[in-house]
Amino acid sequence: MPESATSDHALRLKALRDQLVKDGVDGFIIPRTDEHQGEYVPPQAQRLAWMSGFTGSAGLGVVLTDSAAVFVDGRYTIQVRQEVDETLYTYKHLIEEPAHEWLSEQVKPGMRIAYDSWLQSENQIKTLRKGVEKAGGELVALDINPVDAVWSDQPARPCTKSMPYDLKHAGKSSREKRDEIATILKDGEADCAVLSLPDSVAWLLNVRGEDVAHTPLVLSFAVIHDDGSVQWFVDSEKVTSETMAALDNQIEIAEPGALESRLVSFAREGKSVLVDPATCPERITSVLEKNGAKLVRAMDPVMKPKARKNTTELDGIRAAHIRDGAAMVRFLKWVTETAEKRAETDNPVTEIEAAYKLQAIREGVSLFRDISFDTISGAGPNGAMCHYKVSEESSIPLSMDEIFLIDSGGQFLDGTTDITRTVIIGAPTDEMKDRFTRVLMGHISLATAKFPKGTNGMQLDSLARRPLWDAGLDFDHGTGHGVGCFLGVHEGPQRIAKASSPVALEPGMFLSNEPGYYKAGEYGIRIENLIIVRDIGQMVGLDTPLYDFETVTLCPIDLRLIEPSIMSAGEIRWLNDYHAWVREELTPLLDAEHVTWLEEATKAI
């Protein structure tokens, strides 16, 4: 998408380069993330989007005096070309062509490349430093972010009110959780831990907020000690009397600006401080180390307990998915019937109309608070962009004989949902049916997997890819991500992907199962259900627990896109059993018209 030299992004790039000259540096690294390494960041922190135009949820920009690049993963290789001017930025793959390798080739001896130490973790900076120093350059931290210096109308930081998260949904009190984390700290020989991830803070304190879109977070830091006491570094305007009362007034509140001085105090007191080098801002690690703290580098101690959902959370998640499934049935009936009726008229159903329609249906569901992410509503070629973000400008009609992909979810007080369904408007081609069926076969393979304790997601990932690999096909994204409970639709540390996973899967972990296939310029296919890891007994002849997955998403899979002849009898049986279960659970929530549609959509093949 070539732009003129006087476009907004060209002018911003020039302004940044002028600022870099003033700062005495030769380049600057612009991450997509904020201080909390979040996927969803407030408008004030969307520096990469403001500078380059790239709006995806993962990426990195590097601006040098005479070149610039934007790095994105496989989800955004098409989108970046639509949003970012190729005359200003080179497009690079975040994984296959990482920034540190590009820097090692572009940096000249003596060049000083700058970064904001609040926006990147110690691990990230170590990797980037290797690339810069390999080329003879120097990586330096700046106290003032140069993008902020030239962003004259940068929005203010968010300051929304927090709310307590009711025990009937949380399942454990904050006191119980603090005691659990305190025990982990003692076992790890740490006096305290810095929590920089807002979802860790939210889980620990049983609080929620509205600081970012679609994820109920209070942007803040916290420090928890080995006696269970907590300092919460948060704008006091966010902390309501209801929140404090729910915490029994046992939490010390301090303004975010006090964090550094408090860390210095901890260091000088000789405390052992746990920091997660993968997620904690390098600024925090640096302040602690410079002031003599003993650093315990380990995973955020909240991540695994948060990932292992308790019984109350799991019951809520199941209940939320039944209600959400009924909403999806109402939507799928509407979109498949209405899109075909209006396809040849001057008023076809559009991608954005479909997204708004689904949101309106969800808004009528009990305990609904928000959508869990911007709905991916992709018709035809737009569906091939696996994280396509529809807008009024990009929205296209749902046309006959084209595939429509919709990836969406809801934030309910009792659980977070995330579901993708791919449907045909009209009639599919043989190729569409083959690709869809292979994706379904991979989905079934993962859904039915049994595996011993200690297995991680990387070891299971190929199960979902094998039917595609058999045909020389693949998809360039992970197969499964962790999901929170009325928290982030993406959470760690568990995942299912080609890349190595930092943890083994454990009972109670909640993930997605979402293989796909994308044919650039034509269509995209993805089938996504959410699954829970559960313990089903022992391995035969071994004293090793055996696990499997419980599927919790309830929604028909489009039978018109299936080619049964390439499926095994076991795969067909799984599909028929799944559809029978969907029908049984959702029928009581639907009127007669929708029940009739559901019966046809879930008939046995």
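Determine which single condition ILE29 fails, assuming it passes every other condition in (1) open to solvent by less than 40 Å² (accessible area, probe 1.4 Å); (2) assigned to a loop (DSSP other than H, G, I, E, B); (3) farther than 22 Å from ASP153 by Cβ; (4) of a type outside the set (Ser, Thr, Tyr). With (1) open to solvent by less than 40 Å² (accessible area, probe 1.4 Å); (2) assigned to a loop (DSSP other than H, G, I, E, B); (3) farther than 22 Å from ASP153 by Cβ; (4) of a type outside the set (Ser, Thr, Tyr) applied to ILE29, the lone miss is (2). Scanning the stretch 294-315 for residues that are closer than 24 Å to GLU35 by Cβ, in a helix (DSSP H, G or I) and either open to solvent by 10 Å² or more (accessible area, probe 1.4 Å) or not aliphatic (A, V, I, L, M) (or both) yields MET303, LYS304, PRO305, LYS306. Listed by position, the helices (runs of 4 or more DSSP H) inside the stretch 60-178 whose residues that are of a type in the set (D, E, K, R) and open to solvent by 20 Å² or more (accessible area, probe 1.4 Å) number at least 2 are 79-83, 99-106, 122-134. Being open to solvent by 10 Å² or more (accessible area, probe 1.4 Å), part of a loop (DSSP other than H, G, I, E, B) and at pLDDT below 95 is the requirement here; does GLY541 meet it? Here the answer is yes, as GLY541 does meet what is asked. Scanning the stretch 447-496 for residues that are under 20 Å from the mean Cα position of the chain (by Cα) and among the small types (Gly, Ala, Ser) yields GLY457, ALA464, GLY478, GLY480, GLY482, GLY484, GLY488, GLY492. Restricted to the stretch 489-507, and to residues there that are of a type in the set (D, E, K, R) and assigned to a loop (DSSP other than H, G, I, E, B), the residue that is most open to solvent (accessible area, probe 1.4 Å) is LYS498.
Would you confirm whether or not the stretch 72-82 contains a residue that is of a type in the set (Val, Ile, Thr) and modelled with pLDDT of 95 or more? Checking the stretch 72-82: not a single residue is of a type in the set (Val, Ile, Thr) and modelled with pLDDT of 95 or more.
Of the strands (runs of 3 or more DSSP E) lying entirely inside the stretch 217-293, the ones with 1 or more residues being among the polar types (S, T, N, Q), open to solvent by 10 Å² or more (accessible area, probe 1.4 Å) and closer than 24 Å to GLN37 by Cβ are found at 230-233, 272-275.
The criterion of at least 2 residues that are more than 16 Å from LYS498 (Cβ to Cβ) is met by the following strands (runs of 3 or more DSSP E) wholly inside the stretch 404-488: 410-412, 419-425, 450-452.
In this entry, THR587 passes the filter for residues that are under 14 Å from ASP324 (Cα atoms), without any contact (Cβ under 8 Å) to a residue 12 or more places away in the chain, over 28 Å from the mean Cα position of the chain (by Cα) and surrounded by fewer than 17 Cβ atoms within 10 Å (Cβ to Cβ). Of the residues ALA319, ALA339, the single one that is in contact (Cβ under 8 Å) with a residue 24 or more places away in the chain, more than 17 Å from GLY524 (Cβ to Cβ) and in a helix (DSSP H, G or I) is ALA319. For the stretch 508-527, the set of residues classified as in a loop (DSSP other than H, G, I, E, B) and either within 15 Å of GLU402 (Cβ to Cβ) or open to solvent by 50 Å² or more (accessible area, probe 1.4 Å) (or both) consists of ALA520, GLY521, GLU522, listed by residue number.
Using the structure shown, decide if VAL365 is without any contact (Cβ under 8 Å) to a residue 60 or more places away in the chain, within 20 Å of PHE54 (Cβ to Cβ) and among the aliphatic types (A, V, I, L, M). No; evaluated as a whole, the condition is false for this residue.
The values are calculated or read from the model by the stated rules, or taken from the named source; none is laboratory data. All figures in this text were calculated on a predicted structure; none of them were measured in a lab. Positions of Cβ are generated from backbone atoms using ideal geometry, with glycine treated the same way; all protein chains shown enter the neighbour counts. Remember, those area values only see protein heavy atoms, side chains included, never the ligands or the DNA or RNA. Shrake-Rupley method; radii C 1.70, N 1.55, O 1.52, S 1.80 Å.
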